[in-house]
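Please treat every number below as a calculation from the coordinates, not as lab data. Here the structure is a predicted model, which means the values were calculated and not measured. No Cβ is skipped: glycine too gets one built from the backbone with ideal geometry, and neighbour counts run over all protein chains shown.
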Amino acid sequence: SEASSQLEILRPTYGPNHPAVVRESAKQKGAKAAILERSQSLLGRPMDLAKISELAVDSGERNGTARESLFRQIVEVQAQKQGLQASGKELTKHISQLENRFKTMTQDALTLQTLERDVRIAETVYSTAFTQLGTAQLAKSASYPKLELITQPSLPSQSAPVKQMRKMAFLGAIAASGLVSLGLFSLWLRPHWQRQRQTIKSNPTTSI
């Protein structure tokens with residue numbers, strides 16, 4: 001570079017501590033640092049100045065072969081970089097899917113725990129109610145003994161009440177007829193009794 005050419009001229013004449021030599025040395029160091037930084041950004045890995053000097057455009061046929069090798073390395077590195085980036089994206093996507101699945105499984109686990117708790121509560125309530133029902137039935141059995149029928153009850157026939165009513169009606173009719181006849185007979189005898197009484201009163205000595 002220009003700084004290196006100036007140093008080759010100034011250093012033998014003025015020595016290493018001359019301000020011009022120091023200034024050109026600083027330029028040379030800055031240029032080398034810039035070249036190293038640029039090569040590292042292009043290749044993705046650090047390079048030394050010896051390899052970079054071999055790649056100079058005006059270095060001849062030998063350096064041309066080195067440039068071709070470097071270009072191949074650059075292409076390979078870029079291909080590896082793209083492959084790693086694609087793998088990174090795929091891994092990121094897979095991680096996101098796993099995280100979503102983990103969240104879903106966590107929610108399902110919480111739901112399952114809630115359902116299991118509800119089932120245990122329902123079983124406890126059912127067991128308590130069943131026990132209370134059994135206790136109530138035992139108390140009821142002790143207070144009210146169970147009755148058992150020895151024989152089946154027999155019901156009267158439907159014709160028996162009808163016959164009894166007919167019989168009572170017939171007897172009532174006979175009694176009523178007798179009473180009516182007795183009344184009529186009494187009315188018929190009443191005038192005769194009255195005449196007999198009058199005769200007895202008028203003639204006490206006459207016998208009936």
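Could you give me the ³J(HN,Hα) list for region 18-32, computed from phi with Karplus coefficients 6.51, -1.76, 1.60 and θ = phi - 60°, whole Hz, x at Gly and Pro?
Per-residue couplings from phi come out as 6, x, 5, 5, 4, 5, 5, 5, 5, 4, 5, 5, x, 5, 5 Hz.
Can you tell me the FRET efficiency between I95 and K32 if r is taken as the Cβ-Cβ distance and R0 is 41 Å, rounded to the nearest 0.05?
0.45
Taking the simple approach of a point 7 Å from Cα along Cα-to-Cβ for both T128 and A176, what is their distance in nm?
7.4 nm
Taking θ = phi - 60°, what integer Hz values does the Karplus form 6.51 cos²θ - 1.76 cosθ + 1.60 yield along region 96-104, in sequence order, with x for Gly and Pro?
Running phi through 6.51 cos²θ - 1.76 cosθ + 1.60 with θ = phi - 60° gives 4, 5, 5, 5, 5, 5, 5, 4, 5 Hz.
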